[in-house]
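Below: one structure, written as C-alpha cells.
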Amino acid sequence: MATTGSKSALFVCLGNICRSPIAEAVFRKMATDAGVVDKWRIDSAATSTYEIGNPPDHRGQACMKKHDVPMKHVARQWFIDSAATSDWNTDSPPDARGLACLRKHGIESSHSARQVTKDDFMKFDYILCMDESNLSELNRKAKAVKNGSAKIELLGAYDPEKQLIINDPYYGSDEDFEKVYEQCVRCCTAFLKMNS
Ligand SMILES: N#Cc1ccccc1-c1cc(NCCCN2CCCCC2)c2ccccc2n1
C-alpha cells in the first residue's frame, strides 16, 4: 500500500548473496534508525541466476553481525519451522506479502537470492548496483521493458569518497567484505540524506 512520500530502492549485484544483501541490510537499518523505514520499500536482487534461492554469503552475515546490522538470513529457519504438503513451491523463497507482514511485526525474515525481474523496472524508483557489469546488464534488461521508470545507478555514485565501484568480494577475504560494508555505509548515508 503506497503511502505519501513512499519511495523504493532495489539493490543489485551479480549473485544477490554478497554485496546487494549487505547494501539492503545497511540501508534498512539506517532508514529504521531515522524513523522512516515505513516510507520505503527496500529489496535486493541479482543480475544472474547463479545463486537463486540461496541465503546471503556467510562472510557477509558475519560482517553484519560484527556491526550489529540485522540481515535477513538463512532459509534454514523455514526448513526448521515449516514445510509444505505439496511440491508446488519447492525451493521458492517465502511469499513477499508474508515477509512484509513478518517485517512489520519486527520478526526476522529469511532472505533468499532472487534475479531482477521486468516488474522491478516498473516497481522501483531506484535500482542501485555495484559495478560496471551490473550496470550494463541492467541497462540491457531495461531495454526490453516498455514503461520502465526506475533510475538505474551505481550505488558508488553516492560515495563522498568517490569510490565509484563496489568490487565483487566472492573470491575475496573478510577484509574485502569489510570494504563492501564501509562503502555501503557511506553511500547509503548519502542516498538516504538526499531522499529525506
Ligand atoms: N562469474 C564470476 C566472477 C568473476 C570475478 C569475480 C567473482 C565472480 C563471481 C563468481 C560467482 N560464482 C562462481 C561462478 C558461478 N558460475 C559461473 C558460470 C555459470 C554458472 C555459475 C559468484 C557467485 C555469487 C556471487 C558473486 C559471484 N561472483
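The values are calculated or read from the model by the stated rules, or taken from the named source; none is laboratory data. The structure displayed is predicted, hence computed values, not measured ones. As a convention, Cβ positions derive from the backbone with ideal geometry for all residues, glycine included, and neighbour counts pool all protein chains shown.
Checking each residue in the stretch 22-45 for being under 16 Å from K72 (Cα atoms) and of a type outside the set (V, I, T) picks out A23, E24, A25, F27, R28, K29, M30, A31, R41, D43, S44, A45. Of the residues that make up the stretch 119-137, is at least one in contact with a Ser or Thr (Cβ under 6 Å, 6 or more places away or on another chain) and part of a helix (DSSP H, G or I)? Yes, the stretch 119-137 contains at least one residue that is in contact with a Ser or Thr (Cβ under 6 Å, 6 or more places away or on another chain) and part of a helix (DSSP H, G or I).
If you go through the stretch 157-180 and keep only what is more than 16 Å from the ligand (Cβ to nearest atom), of a type outside the set (D, E, K, R) and buried (at least 17 other Cβ atoms within 10 Å of the Cβ), you end up with just Y158.
G53 fulfils the conditions (1) modelled with pLDDT under 95; (2) assigned to a strand (DSSP E or B); (3) among the small types (G, A, S) except for a single criterion, (2). Evaluating A142 against the criteria (1) surrounded by 15 or more Cβ atoms within 10 Å (Cβ to Cβ); (2) part of a loop (DSSP other than H, G, I, E, B); (3) small (G, A, S) leaves one unmet condition, (2). Starting from residues that are in a strand (DSSP E or B) and closer than 17 Å to K141 by Cα, keep the ones in the stretch 6-24 and report whichever is nearest to the ligand (Cβ to nearest atom). Within the stretch 6-24, the match that is nearest to the ligand (Cβ to nearest atom) is C13.
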